[in-house]
Amino acid sequence: MSLSTNLRRTLSCSKALVRCVNTSSDPQHPKTTSFGFQTIPEDAKETMVKSVFDSVASKYDLMNDAMSMGVHRLWKDQFVGDLKPGRQRPMKCIDVAGGTGDIALRILDFAREKYADRETSVEVVDINEQMLKEGLRRFKKTMYHNTPQISFHEANAQSLPKDKFADDSYDLYTIAFGIRNVTSIPAVLEEAYRVLKPGATFACLEFNRVDNPLLGTLYDQYSFHIIPLLGTILTGDRASYQYLVESIRKFPSQPDFAQMIRNAGFVTGKDVDGGAWSNLWGGVACVHTGVKV
């Protein structure tokens, strides 16, 4: 069965759930969220997003190549390079929504190659089993396989189990191209704040708002016409790519997301490019950072 069929069936179920919610004790305020441009019950989003990433797990790099014209690899290199893992001391890192391990591998390679650090470790967390399987497959080809430097965990970023992810435990929290897919961004940020040590860094790489009108117009044309077409041609799956494009447009603007990070307790720079965030390619992607106090 194709993912498009699965998504249609899941959406049909979610619409039925909306009808049930609307006849509940609070019909004026049903709990809903976005799935791309659609409004769905909060309880349905996790299943629907899981369907998307079950489909694209083995084609994750191909998906990001299509969405970023291949530039996501350079963005990820810059993202990790600017964080300088291992510069001062070995770091205990957590990479959330990072099932395929591409950020974790960059962190470990950077620490080893730049600072001869073989003690920095990364715990990769993802809610999606298929993404984690892809990460394990990838790491079996590396020197880090079966070492204390890497581990994979299936867990929800919104409610990390406290017995595995204790308060004040990590020196660095990273999340790349994942936070826009969660049901509750504030819940993820609160958990990030909880598990980080005082003085530790939260870092998020995400597609965001383009700040140049001409580039924005070109980007919209590429996003809404070319990317879904590529999804059809490359994977036979237009629906997933259409959702991913729409999810970018629903993500908060740079200033709004920076305020959400501050609301969780983090300290950020000023609300300008180069302060609370750093735009990449004019805002096609963006790095947000905050420090736990």
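Worth a mention:
- Matching residues, segment 99-120, being in contact with a Phe, Trp or Tyr (Cβ under 9 Å, 6 or more places away or on another chain) and within 22 Å of residue 188 (Cα to Cα): 99, 100, 101, 102, 103, 104
- The lone exception for residue 110 - which of (1) in contact with a helix residue (DSSP H, G or I) (Cβ under 6 Å, 6 or more places away or on another chain); (2) within 28 Å of residue 49 (Cβ to Cβ) it fails: (2)
- Scanning segment 36-59 for residues that are surrounded by 21 or more Cβ atoms within 10 Å (Cβ to Cβ) and closer than 27 Å to residue 215 by Cβ yields a count of 2.
- Residue list for segment 236-288, filter: among the polar types (S, T, N, Q) and under 15 Å from residue 182 (Cα atoms): 247
- Among the residues making up segment 90-120, those that are surrounded by 21 or more Cβ atoms within 10 Å (Cβ to Cβ) and outside any helix (DSSP H, G or I) are 91, 93, 94, 95, 96, 97, 98, 99, 100, 101, 120.
- If you go through segment 68-83 and keep only what is of a type outside the set (Asp, Glu) and within 13 Å of residue 287 (Cβ to Cβ), you end up with 72, 74, 75, 76, 78, 79, 80, 81, 83.
- Looking across segment 231-245 at every residue that is touching a residue at least 24 places away in the same chain (Cβ under 8 Å) and surrounded by fewer than 18 Cβ atoms within 10 Å (Cβ to Cβ), the one that is farthest from residue 68 (Cα to Cα) is identified as 236.
- Residues that are modelled with pLDDT of 95 or more and either within 26 Å of residue 91 (Cβ to Cβ) or charged (D, E, K, R) (or both) do not occur anywhere in segment 226-246.
- Cross-chain or 6+ apart pairs with Cβ under 7 Å, segment 77-88 first and closer than 15 Å to residue 117 by Cα and charged (D, E, K, R), then surrounded by 13 or more Cβ atoms within 10 Å (Cβ to Cβ) and at pLDDT below 95: none
- Counting only residues that are in contact with a strand residue (DSSP E or B) (Cβ under 9 Å, 6 or more places away or on another chain), loosely packed, with under 14 Cβ neighbours inside 10 Å and part of a loop (DSSP other than H, G, I, E, B), segment 261-282 holds 0 of them.
- Residue 183 meets the stated requirement of being β-branched (Val, Ile, Thr), in contact (Cβ under 8 Å) with a residue 12 or more places away in the chain and within 16 Å of residue 53 (Cβ to Cβ).
- Filter result for residue 227 (buried (at least 17 other Cβ atoms within 10 Å of the Cβ), in contact (Cβ under 8 Å) with a residue 60 or more places away in the chain and farther than 18 Å from residue 61 by Cα): no
- Checking 172, 215 one by one, the residue that is more than 19 Å from the chain's Cα centre (by Cα) and either aliphatic (A, V, I, L, M) or surrounded by 15 or more Cβ atoms within 10 Å (Cβ to Cβ) (or both) is 215 and no other.
The values are calculated or read from the model by the stated rules, or taken from the named source; none is laboratory data. If you're wondering where the values come from, they're calculated on a predicted model, not measured in any experiment. Here Cβ is always computed from backbone atoms with ideal geometry, including for glycine, and neighbour counts include all displayed protein chains.
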